[in-house]
Amino acid sequence: MLARRVEADYGGKSLQSIRETGLDVRVDTTDHDLVEAATLADIVEGLRSRALNRSTVVSRDFAAPLEETVPSGFTVVRTDRRSRFAFAYATAAGAALTIHVTERTNVAIYADTDQRLLDVTNDVAALLAVHEPPESDELDIKVWAEGFKGEFDSLHIPKEPWEVNRRNYATSTARGIDPLMEMSTAPSGGKLLLWYGSPGTGKSHAVTSLASAWAPWCETHLVTDAEQFFTDPTYLRSIVESGSHRNVPHFLHSYADGDDKPTKAKLIVCEDADEYLRVDARERSGPALGRLLNLTDGLYGRDRDCYVLLTTNDDIARLHPAVVRPGRCLSQVEFAALPAAEARAWASDPSVTHDMTIAELFARGGGHRVETTTERIGAYL
């Protein structure tokens with residue numbers, strides 16, 4: 001969406017010419033409106049014979065050079081450059097496209113036939129592939145808040161390999177997490193991950209390790225206002241369906257996130273979700289619990305590779321039976337303090353004689369301090 005009134009000509013046609021087609025160009029005009037208006041103007045003036053009624057979007061999680069994203073045969077009609085934003089509109093026989101470059105690159109493609117749409121999409125995907133950055137040592141976590149109105153912020157933090165973090169957990173906890181870290185594709189079965197335990201047992205760092213392990217095939221979305229996420233259906237859908245493209249021919253679905261790769265799964269993380277998990281959740285939070293269960297085990301979430309990870313400091317005995325029933329959870333792990341013997345080994349200190357959480361061990365300052373990053377998603381939970 002353009003942020004200000006468009007003052008330039010489109011394809012040599014004045015705004016008056018475009019308005020004569022019946023579409024006004026306003027501050028809230030979308031790219032689709034502009035392409036449709038310019039196309040109608042072309043048809044009125046005899047420059048096109050058919051509408052561009054097929055469309056798709058090719059998106060990448062990096063900023064590509066604007067000029068090098070325009071396929072051969074296209075003429076750039078308009079560009080708009082600002083400090084952290086670049087836009088271009090280009091046309092060709094039977095096609096048009098808009099390019100938005102911020103931290104991401106989004107190319108919306110419009111064509112008059114399925115074959116033309118496929119050809120242009122192939123060309124754009126090939127141009128973007130040249131600029132694909134090498135695998136990063138950082139995680140790109142998408143951070144959501146209801147006030148973003150369908151948009152997200154990006155949090156870039158160093159990855160935390162599980163093989164490095166594993167020693168910070170009680171053996172019973174680590175064994176419960178190990179199978180998750182070994183997954184290389186979206187698993188079948190339950191889609192709810194429930195991690196519970198006392199504060200200071202390392203739940204947030206385990207989340208970072210899981211996001212690191214799943215990064216090749218799964219995006220991580222961190223919801224900062226779970227109360228809004230579970231109570232507002234529109235907000236929930238905006239996250240679950242982000243990156244999906246409706247009304248796109250099936251043969252173009254793979255171009256949403258990769259040249260020939262399927263769309264990535266989603267891991268939605270809600271920390272401190274106690275209120276939505278307790279026995280009295282329905283009375284306290286209304287329909288929130290029902291929406292959670294429908295997303296992870298109902299019709300809405302059935303055909304989606306969308307997983308919800310909830311962390312809570314509550315004991316499992318206080319959680320709603322519908323949440324913990326067999327088959328519901330892909331993962332149900334208790335984060336326990338390190339038993340005295342394991343805490344003593346971790347700290348290399350024979351004076352440790354009682355169970356201790358990893359936060360207590362770090363605070364105590366004993367042994368070999370193991371930290372993989374100075375930036376955190378949150379404090380130890």
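The values are calculated or read from the model by the stated rules, or taken from the named source; none is laboratory data. Just so we're clear, the structure is a prediction, and the values are computed from it rather than from any experiment. In this analysis, Cβ positions are derived from the backbone assuming ideal geometry, glycine residues included, and neighbour counts consider all displayed protein chains.
Provide a single number: the residues in the stretch 196-232 that are part of a loop (DSSP other than H, G, I, E, B), of a type outside the set (Ser, Thr, Tyr) and over 16 Å from the mean Cα position of the chain (by Cα).
The qualifying residues number 4.
When you look at ARG175, is it in a helix (DSSP H, G or I) and within 30 Å of LEU338 (Cβ to Cβ), yes or no?
Yes.
Could you run through the stretch 175-194 and say how many residues are crowded, with 18+ Cβ neighbours inside 10 Å and either over 20 Å from ALA265 (Cα atoms) or not assigned by TED's automatic domain parsing to the domain that holds ILE358 (or both)?
The qualifying residues number 1.
Please find, within the stretch 153-171, the residue that is modelled with the lowest pLDDT out of those that are buried (at least 17 other Cβ atoms within 10 Å of the Cβ) and closer than 14 Å to LEU139 by Cβ.
ILE157
Do we have ASP137 as touching a residue at least 12 places away in the same chain (Cβ under 8 Å), out of contact with any Ser or Thr (no Cβ under 7 Å at 6 or more places or on another chain) and of a type in the set (D, E, K, R) here?
Details: touching a residue at least 12 places away in the same chain (Cβ under 8 Å): yes; out of contact with any Ser or Thr (no Cβ under 7 Å at 6 or more places or on another chain): yes; of a type in the set (D, E, K, R): yes.
Judged against the criteria, ASP137 is a match.
Looking at (1) in contact (Cβ under 8 Å) with a residue 24 or more places away in the chain; (2) in the same structural domain as ALA63 (by TED's automatic domain parsing); (3) of a type in the set (Lys, Arg), can you tell me which one ARG84 breaks?
For ARG84, the failing item is (1).
Scan the stretch 87-104 and give yes if some residue there is free of Cβ contacts under 8 Å to residues at least 60 places away in the same chain, surrounded by fewer than 21 Cβ atoms within 10 Å (Cβ to Cβ), polar (S, T, N, Q) and in the same structural domain as TRP214 (by TED's automatic domain parsing), otherwise no.
Checking the stretch 87-104: not a single residue is free of Cβ contacts under 8 Å to residues at least 60 places away in the same chain, surrounded by fewer than 21 Cβ atoms within 10 Å (Cβ to Cβ), polar (S, T, N, Q) and in the same structural domain as TRP214 (by TED's automatic domain parsing).
Between a first residue in the stretch 233-245 that is part of a helix (DSSP H, G or I) and a second residue that is at pLDDT below 80 and of a type outside the set (Phe, Trp, Tyr), which pairs have beta carbons less than 6 Å apart while being 6 or more apart in sequence or on different chains?
That search, which allows pairs on different chains as well, returns TYR235/GLU146; TYR235/GLN228; SER238/GLY150.
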